[in-house]
Amino acid sequence: MKKDGIKLVMCLMRREGMSRAEFQDYWLSSHAKLWAKHAPAYRSKRYVQAHTVETPLNDGLRASRGMGPPYDGVAEVWFESEADLMEALGTPEGEAASAVLLADEGTFIDHSKSVAFVVAEHEL
């Protein structure tokens, strides 16, 4: 069943010289607060941080499938619709929020090694 709305997914890699623990701590303790402050400008419905854990299971999954190194975490943000998000981004508040959040992301995220995309969920 297709769920209503859309979701922004960001698969994140940390900046050079930063440990995964430092990345995840900053993301959770500092960036999350900044996001919460600006979330109304985006009209987001939900925000989830998924932090990659150190476990032999991850090594086994990658080895069994010939995959590359793991991301340091995944951010998921839900919205009512693509049109609603686009409208919010076009407001002065949305533009200001984008500038502040992008500047902060640059302090801990390596955007050149990260990816972002919009998805529609299908719950099975």
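The values are calculated or read from the model by the stated rules, or taken from the named source; none is laboratory data. The shown structure was predicted, so the numbers you read here are calculated from the model rather than taken from an experiment. All Cβ positions, glycine included, derive from the backbone under ideal geometry; neighbour counts span all protein chains shown.
Summary of values
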| quantity | calculated |
| --- | --- |
| Residue match in the stretch 21-43 (condition: among the basic types (Lys, Arg), loosely packed, with under 14 Cβ neighbours inside 10 Å and under 22 Å from residue 101 (Cβ atoms)) | yes |
| Which listed residue is within 14 Å of the chain's Cα centre (by Cα) and either outside any strand (DSSP E or B) or without any contact (Cβ under 8 Å) to a residue 60 or more places away in the chain (or both), from 88, 39 | 39 |
| Inter-residue pairs, beta-carbon under 6 Å, first over 14 Å from residue 33 (Cα atoms) and in the stretch 92-103, second part of a helix (DSSP H, G or I), 6+ apart | 93/41; 94/41; 94/88 |
| Close pairs (7 angstrom Cβ cut-off, 6 or more residues apart or separate chains): under 13 Å from residue 121 (Cβ atoms) in the stretch 72-85, charged (D, E, K, R) and assigned to a loop (DSSP other than H, G, I, E, B) anywhere | 78/45; 79/43; 79/45 |
| Set 77, 48: member being closer than 13 Å to residue 7 by Cα, assigned to a strand (DSSP E or B), touching a Ser or Thr at 6+ places or on another chain (Cβ under 8 Å) and modelled with pLDDT of 95 or more | 77 |
| For residue 68: the one exception among (1) surrounded by fewer than 13 Cβ atoms within 10 Å (Cβ to Cβ); (2) at pLDDT 95 or above; (3) within 18 Å of residue 12 (Cα to Cα); (4) not hydrophobic (A, V, I, L, M, F, W, C) | (2) |
| Per-region count, the stretch 91-120, residues aromatic (Phe, Trp, Tyr) and outside any loop (DSSP other than H, G, I, E, B) | 1 |
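Residues checked against (1) surrounded by 11 or more Cβ atoms within 10 Å (Cβ to Cβ); (2) within 14 Å of residue 41 (Cα to Cα):
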| site | (1), (2) |
| --- | --- |
| 79 | yes, yes |
| 82 | yes, no |
| 88 | yes, yes |
| 97 | yes, yes |
| 105 | yes, no |
| 122 | no, no |
